[in-house]
């Protein structure tokens with residue numbers, strides 16, 4: 001059984017299904033596993049832009065969205081008596097997920113098969129693919 005689960009959240013339907021699966025895994029463990037969630041504000045391409053108020057406003061909006069999404073999941077986990085911890089990171093999503101999984105000694109990563117982008121829906125999501133290829137932690141991919 002898993003003791004420390006990390007679920008990657010991005011606000012998509014696939015991410016919601018990943019959360020539900022991770023919550024089920026956490027509840028099935030005896031004692032219940034800790035459930036950790038990560039929401040990454042992807043900054044690909046924006047870091048090369050000069051700093052200005054619009055860029056900061058955009059980052060702030062993405063972070064606020066992440067906090068709102070994670071808050072809903074925290075409520076759901078706590079209603080099932082599952083210990084829940086959430087973080088928001090900035091950077092390349094795949095790198096931040098694998099890095100955080102190592103920091104918390106996760107023994108399972110749960111991710112959706114696709115992200116929010118329509119292009120990613122054609123194939124296994126690029127972030128999911130990155131994590132599978134670069135992490136040495138078992139990764140459960142939840143399909144829609």
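Every read-out reported here was derived from the displayed coordinates using simple, explicitly stated rules and does not represent laboratory data. Owing to the predicted nature of the structure, the values given are computational and were not obtained by experimental measurement. Neighbour counts run over all protein chains shown; Cβ positions are idealised from the backbone, glycine included.
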task = Write down the Kirkwood hydrodynamic radius of the chain, to one decimal in angstroms, obtained as one divided by the mean of 1/r over all alpha carbon pairs.
result = 15.3
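Given the DSSP H assignment, sum -39500 (n - 2.57) over each helix run of at least 4 residues in the chain and divide by its residue total; what's the result at 222 nm in deg cm²/dmol, nearest 500?
-14500 deg cm²/dmol
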inquiry  = Please compute the contact order of the chain in relative form: average sequence separation of alpha-carbon pairs under 8 Å and at least six residues apart, divided by the residue count, as a percent.
reply    = 33
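Taking the Cβ of each residue in 96, 20, 30 as the centre, tally the other Cβ atoms inside 10 Å and list the residues starting with the fewest. The partial results should precede the final answer.
Values: 96 22, 20 15, 30 7.
Sorted ascending by nearby Cβ count, the order is 30, 20, 96.
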ask   = Expressed as an acute angle from 0 to 90° and rounded to the nearest 10, what is the orientation of the C-alpha long axis of helix 93-103 relative to the principal long axis of the chain?
value = 40
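Which of 128, 85, 75, 139 comes first, and how do the rest follow, when ranked by fewest Cβ neighbours within 10 Å?
75, 85, 139, 128
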query = How much length is gained if the chain between residue 85 and residue 60 is pulled fully straight, taking 0.36 nm per residue apart and subtracting their Cα-Cα distance, in nm to one decimal?
reply = 6.9 nm
